[in-house]
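The values are calculated or read from the model by the stated rules, or taken from the named source; none is laboratory data. Just so it is clear, the structure is predicted and the values come from calculations on it, not from any experiment. When we count neighbours, we look across all protein chains shown, and the Cβ atoms used for this are built from the backbone with ideal geometry, even at glycine.
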Amino acid sequence: MHKIKDNILLSIFALIMSINCFAQDFTEEFENLINTEKPSLLPEKMLITQRILWGDGGLFRKTGIAKLSIENREKELIVREKMLKAHQIIGYITFAGMIYQGILGGKLYKGDYSVYNTHKTLGKIVSFSYFTGAGLSLFTPPPLVSREREGLNNIKLHKILANVHVPAMIVTNIYADKQHGNRSHKEIHKASAYTAVASYTLAMFTIIFDF
């Protein structure tokens, strides 16, 4: 229990530090947008989810919800900052829930079915927070410029790991209610859950430790 508490305290400290980094990035983008005579309002590279909503021909542009202009891009950068902060906070809450969920899951596999209802309820809460956090990251307004660095770095590794824990979480949820009386379904649920937690934990550490 002491180790879990220490890990949570470390995560909270890392969260505060990483939020300050995002604030600094936003300030730099904001100043660049104002000080450039002919600013490029959109980055060359965006996530497909960002392009669908925020791209030059995206849904928000075509419908007039958020026309592409300097004024709106300034507002979008503020929205982006808040969404990424929320993404981080929810990410740490999800991580804490995953750890406790794993403890309960271990008891279930050892035959302690008294924790079944708690495990099931917590599983729904963790899934909701996980996919909410993922949505905040995927659909946030794009940055002013793309900051891709050559070679392997923490951001690229974070994205690579997302390609592991997202499908693992989907499989975990699919087999959550299919495992009763079916050993193979139980094993799939267990393996996908452990994969999701392991890759999600690594993804968190890639953001905490920059390289």
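Considering region 190-211, and only residues there that are under 22 Å from Ile93 (Cα atoms) and at pLDDT below 90, the residue that is surrounded by the most Cβ atoms within 10 Å (Cβ to Cβ) turns out to be Met204.
Do we find that His87 is within 18 Å of Met46 (Cβ to Cβ) and not in a loop (DSSP other than H, G, I, E, B) in this structure? If you could, list the steps in order and put the result at the bottom.
Numbers: within 18 Å of Met46 (Cβ to Cβ): yes; not in a loop (DSSP other than H, G, I, E, B): yes.
When the stated conditions are applied, His87 passes them.
Restricting attention to region 114-133, the residues that are under 17 Å from Lys159 (Cα atoms), free of Cβ contacts under 8 Å to residues at least 40 places away in the same chain and of a type in the set (Gly, Ala, Ser) add up to 0.
Of everything in region 121-156 that's of a type in the set (A, V, I, L, M, F, W, C), in a helix (DSSP H, G or I) and under 13 Å from the mean Cα position of the chain (by Cα), which residue is farthest from Ala203 (Cα to Cα)? Spell out how you get there, then give the answer.
Initial filter on region 121-156 (of a type in the set (A, V, I, L, M, F, W, C)): 122, 125-126, 128, 131, 134, 136, 138-139, 144-145, 152, 155.
Then keep just the ones that are in a helix (DSSP H, G or I); that gives 122, 125-126, 128, 131, 134, 136, 138, 155.
Narrowing further to those that are under 13 Å from the mean Cα position of the chain (by Cα): 126, 128, 131, 134, 136, 138, 155.
Working: Val126: 17, Phe128: 19, Phe131: 15, Ala134: 12, Leu136: 16, Leu138: 15, Ile155: 9 Å.
It comes out as Phe128.
In this structure, Ala196 does not satisfy being assigned to a loop (DSSP other than H, G, I, E, B) and either touching a His at 6+ places or on another chain (Cβ under 7 Å) or under 30 Å from Phe60 (Cβ atoms) (or both). Only residues that are closer than 15 Å to Lys186 by Cβ and within 28 Å of the chain's Cα centre (by Cα) were counted across region 109-120, and they come to 3.
When region 170-193 is examined, which residues are found to be outside any loop (DSSP other than H, G, I, E, B) and either under 18 Å from Ile103 (Cβ atoms) or touching a Cys at 6+ places or on another chain (Cβ under 8 Å) (or both)?
First, the residues of region 170-193 that are outside any loop (DSSP other than H, G, I, E, B): 170-174, 183-193.
If the condition is that a residue be outside any loop (DSSP other than H, G, I, E, B) and either under 18 Å from Ile103 (Cβ atoms) or touching a Cys at 6+ places or on another chain (Cβ under 8 Å) (or both), then Thr172, Lys186, His189, Lys190, Ala191, Ser192, Ala193 are the ones that fit.
Has region 126-141 got any residue that is touching a Gly at 6+ places or on another chain (Cβ under 8 Å) and more than 30 Å from Glu187 (Cβ to Cβ)? Within region 126-141, none of the residues are touching a Gly at 6+ places or on another chain (Cβ under 8 Å) and more than 30 Å from Glu187 (Cβ to Cβ). Evaluate the following for Leu104: is it touching a Leu at 6+ places or on another chain (Cβ under 8 Å) and free of Cβ contacts under 8 Å to residues at least 24 places away in the same chain? It is true that Leu104 is touching a Leu at 6+ places or on another chain (Cβ under 8 Å) and free of Cβ contacts under 8 Å to residues at least 24 places away in the same chain. Among the residues of region 57-73, the ones that are surrounded by 15 or more Cβ atoms within 10 Å (Cβ to Cβ) and touching a helix residue (DSSP H, G or I) at 6+ places or on another chain (Cβ under 7 Å) come to 5 in all.
Condition check: of a type in the set (Lys, Arg), more than 30 Å from Pro43 (Cβ to Cβ) and surrounded by 13 or more Cβ atoms within 10 Å (Cβ to Cβ). Does Lys120 satisfy that? Give the derivation first.
Numbers: of a type in the set (Lys, Arg): yes; more than 30 Å from Pro43 (Cβ to Cβ): yes; surrounded by 13 or more Cβ atoms within 10 Å (Cβ to Cβ): yes.
Answer is yes for this residue.
Of all residues in region 144-172, exactly one satisfies the criterion of being touching a Pro at 6+ places or on another chain (Cβ under 6 Å) and either surrounded by 14 or more Cβ atoms within 10 Å (Cβ to Cβ) or within 22 Å of Lys124 (Cα to Cα) (or both), namely Val145.
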